[in-house]
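Just so it is clear, none of the values below were taken in a lab; they were calculated from the coordinates. Just so it is clear, the model here is predicted, and its values are computed rather than measured. Neighbour counts run over all protein chains shown; Cβ positions are idealised from the backbone, glycine included.
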């Protein structure tokens with residue numbers, strides 16, 4: 001079994017975490033039937049969805065301020081399918097960290113950039129176990145500021161570098177972990193005191 005560290009951010013699909021709990025992808029028909037076209041999604045996402053994938057593809061209420069994230073995810077997914085088909089999809093995996101130090105960097109990112117946004121507050125840090133291969137990528141490529149407004153070409157280039165495993169000067173690594181994942185132990189509570 002491989003080990004990693006996962007910051008739990010409340011999501012109704014996962015519920016409460018405890019040692020021994022198994023986290024699976026969001027592929028249950030009783031979950032997917034709530035979303036138009038979701039049951040046919042196996043054509044595009046044979047490995048199912050993560051809660052993140054579900055929120056990117058089905059639970060969005062688009063406004064000018066929030067269109068970039070799901071568009072970026074779709075561009076990254078298309079580049080993955082074209083050039084790196086053996087890599088796990090960002091929309092079908094759990095995001096974790098290889099080390100405690102990397103996990104702490106992510107907690108700071110959540111606090112600085114997302115604040116108290118719903119489902120984004122890091123509540124607790126857990127050690128997780130999984131089988132299969134996980135790979136770390138530099139998340140900085142997901143947030144490259146647009147040069148002259150939004151550019152699909154820039155997004156595609158960032159996606160290509162991300163999937164190639166290019167690292168920026170000070171990489172912000174995210175480990176893409178395939179499901180299922182077993183919750184091993186609580187490492188620490190993350191709520192500020």
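Sorting 86, 25, 138 from the fewest to the most surrounding beta carbons within 10 angstrom yields 86, 138, 25.
Listed from fewest to most Cβ neighbours within 10 Å, the set 83, 179, 160, 6 follows the order 83, 160, 179, 6.
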